Amino acid sequence: MKDSKVSRLTQCAILAALCFVSFTYLQIKIPVPGGDATSIHFGNVFLVLASLLIGGVYGGLAGAIGMTIADIMDPVYILVAPKTFVLKFIIGLIVGTLAHKFGHINETSDRKHIFNWVLMSSICGMAFNVIADPLVGYFYKIYVLGQPADVASVLAKWSAGATFFNAITTVIIACLIYNALRPILIKSNLLLGYNPSKNAKNRVE
């Protein structure tokens, strides 16, 4: 596939749809006192995968758009949709920047190098989420939604536990899917930006 904006937008749209579906239908809601909820879900898996496949900006947009739409369509989460968009986009930027700008995973065929950078990028993106999601959520509930501090604190604590679990499963599943999918996409000429000749010394099969 030609590496163009149209190609990236196409893959971005597909991955956004996967983020939406996985967050909406592969989700276990955990009710929290005060009428709120947190959840165990797999939306972040496709956010991280998108960032590894098509870069931080487009991958971040895929996750942000997909999961923000999911929030808007859920009466429990609709009020936190703006927070979701910002945080998911930042996660995508972190994962994509580390994997592509520093790890140059599309410029090598060295499997060990690719695995290490994919793993590290995924961990860093999810580590940010583990810290930022409950913290930003706490202040968002108080200063934007006007909830009492004690209610926001309870949600933040529950959210931190669920977010940590989601982070672990996301890193494992996203890395497995990426490493399994990568050779298929290369053979099909669908891995955008793949150009190992840029870094010939790392061309190891």
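The values are calculated or read from the model by the stated rules, or taken from the named source; none is laboratory data. Owing to the predicted nature of the structure, the values given are computational and were not obtained by experimental measurement. Counting neighbours? That spans all protein chains shown, and the Cβs are built from the backbone with ideal geometry, glycine included. For accessibility, only protein heavy atoms count, side chains too; no ligands or nucleic acids. Shrake-Rupley method; radii C 1.70, N 1.55, O 1.52, S 1.80 Å.
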Q) Could you give the nm distance between label points at I14 and I131, where each point is 7 Å from its Cα heading toward the beta carbon? A) 3.5
Q.
Taking amide H atoms as placed 1.01 Å from N in the peptide plane, list the residues 5 or more away in sequence, or in a different chain, whose amide H sits under 5 Å from that of S39.
A. I30
**Q.** Label-point separation in nm, K157 to I30, each point 7 Å along Cα→Cβ
**A.** 1.3
Q | Assigned charges on the beta-carbon of Lys, Arg, Asp, Glu; the chain dipole about Cα centre (debye) | A | 680
Q) DSSP loop trypsin sites (Lys or Arg not before Pro) in the range 87-124 with at most 14 other Cβ atoms within 10 Å of their Cβ, which ones? A) none
Q. What FRET efficiency comes out for the pair V6/K112, r = Cβ-Cβ distance, R0 = 41 Å, nearest 0.05?
A. 0.75
Q: Kindly provide log₁₀ I(q)/I(0) values, in the same order as q = 0.22, 0.27 Å⁻¹, from the Debye equation applied to equal alpha-carbon scatterers of the range 121-201.
A: -0.97, -1.15
Q: Could you do me a favour and compute the accessible area per residue for the range 5-198, 1.4 Å probe, result in Å²?
A: 47
**Q.** Signed unit charges on C-beta, dipole axis of the chain, positive-most listed residue P134, T170, P75
**A.** T170
Q: Just grab the label-to-label distance for V21 and I78, each label 7 Å out from Cα along the Cβ direction, in nm (one decimal).
A: 2.5
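Carbon and sulfur atoms: what percent of the 1.4 Å accessible area of the chain do they account for? Could you put the intermediate results ahead of the total?
Working: 7230 of 10100 Å².
Its accessible area is 72 percent carbon and sulfur atoms.
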**Q.** Neighbourhood net charge (14 Å Cβ-Cβ; Lys/Arg +1, Asp/Glu -1) for L155
**A.** +1
**Q.** Above-threshold pairs, the threshold being 27 Å between Cα atoms, out of K112/K157; K83/K157; K5/K29
**A.** K112/K157; K5/K29
Q: Just the Kirkwood number for the range 5-198, please: inverse of mean 1/r across all distinct Cα pairs, in Å, one decimal.
A: 16.8
